[in-house]
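Here's the structure, in structure tokens; my notes come after.
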Amino acid sequence: MKCIIVDDEPIARQGIKDLLDNIQALELSGSFENAETAGEFIKDHPVDLIFLDIQMSGINGLEFARSISKTTLVIFTTAFAEFALDSYEVDAVDYLVKPIKPKRFEKAVEKAISYHNMLLSEESQKETEQKEVAEQLEADSIFIKSERRFFRVNLRNILFIEGLKDYVVIQTEKQRLITHMNLKTIHDMLPQKTFLRVNRSYIINKEHVESFSNNDVFIDKYEIAIGNFYRDSFFDLMMG
């Protein structure tokens, strides 16, 4: 995967470069101090992944992320944890708070590589005329089309569903499936009292919630932010 770094702090750019030295799957194509120069670069040099700061002079990271190709993945790198929810608005793969720990960086990169490979597979195998990618089978399961196959997914095994560009990623206890669908479409198919929208990009299965705070939900090893718009309904359904 080809990647670039966009950050107005030279030390931060060097820090990410150093972390990338240990990851053979990524090829660094460029490093930029602002979104304007990065934008000019990717017009002629498409990239798969951008490590993107949010607070920069001129065009900020969120504005830049909204302007790039839907096929380009974004990992935000910033010193401000409070921007985490904003990152969901642009379908960011992950959100890293500086100073970035190597293990946390590797985890974010692994997620990006996994999503990149799944997206490539889906795009290459997408049929010209495609029927409904998911169909209700019975009360407790659905069929999900992924990689030219229909997978039967038991609803009780779904941990959460994540919106990613024009796709959704269904995370179960044992596997991750990606299919061409928007988050609202699949949410409408699911039992609304069990599957809750917690922010713009995530639907969670409340039966798998291990704990939650005012701002986050914890499911297995995953931490998912609760959006302000969804907070009241989340607490009503969880505590009701």
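The values are calculated or read from the model by the stated rules, or taken from the named source; none is laboratory data. This one's a predicted model, so the numbers in the text were calculated from it and none came from an experiment. Here Cβ is always computed from backbone atoms with ideal geometry, including for glycine, and neighbour counts include all displayed protein chains. To get the accessible areas, we keep the full protein, side chains included, count just its heavy atoms, and leave off ligands, DNA and RNA. Shrake-Rupley method; radii C 1.70, N 1.55, O 1.52, S 1.80 Å.
So in region 117-144, with the set limited to residues that are at pLDDT 85 or above and not in a helix (DSSP H, G or I), which one is nearest to the chain's Cα centre (by Cα)? Across region 117-144, the extreme among qualifying residues is 144. Residue 39 meets the stated requirement of being assigned to a helix (DSSP H, G or I) and open to solvent by less than 70 Å² (accessible area, probe 1.4 Å).
The residue of region 73-116 that is farthest from residue 215 (Cα to Cα), among those that are open to solvent by 10 Å² or more (accessible area, probe 1.4 Å), assigned to a helix (DSSP H, G or I) and small (Gly, Ala, Ser), is 114. A Cβ distance below 9 Å, combined with a sequence gap of six or more or placement on separate chains, defines the contacts here; from region 138-157, residues that are among the aliphatic types (A, V, I, L, M) reach residues that are open to solvent by 90 Å² or more (accessible area, probe 1.4 Å) and not in a strand (DSSP E or B) in the pairs 155/139.
The lone criterion from (1) closer than 18 Å to residue 94 by Cβ; (2) modelled with pLDDT of 95 or more left unmet by residue 41 is number (1). Checking each residue of region 206-213 against the condition of being open to solvent by less than 10 Å² (accessible area, probe 1.4 Å) and of a type in the set (A, V, I, L, M, F, W, C) gives no match.
So, in region 216-240, exactly how many residues are open to solvent by 70 Å² or more (accessible area, probe 1.4 Å) and in a helix (DSSP H, G or I)? Residues flagged as open to solvent by 70 Å² or more (accessible area, probe 1.4 Å) and in a helix (DSSP H, G or I) within region 216-240 amount to 5. If the condition is being among the polar types (S, T, N, Q), at pLDDT 90 or above and out of contact with any Ser or Thr (no Cβ under 6 Å at 6 or more places or on another chain), then region 148-193 contributes 171, 172, 175. Residues of region 20-36 being open to solvent by 90 Å² or more (accessible area, probe 1.4 Å) and charged (D, E, K, R), which ones? Once the filter is applied, which keeps residues that are open to solvent by 90 Å² or more (accessible area, probe 1.4 Å) and charged (D, E, K, R), region 20-36 yields 21, 27, 33.
Can you work out which of the residues in region 54-72 that are surrounded by 13 or more Cβ atoms within 10 Å (Cβ to Cβ) and among the small types (Gly, Ala, Ser) is nearest to residue 6 (Cα to Cα)? If we take residues in region 54-72 being surrounded by 13 or more Cβ atoms within 10 Å (Cβ to Cβ) and among the small types (Gly, Ala, Ser), then 61 is nearest to residue 6 (Cα to Cα).
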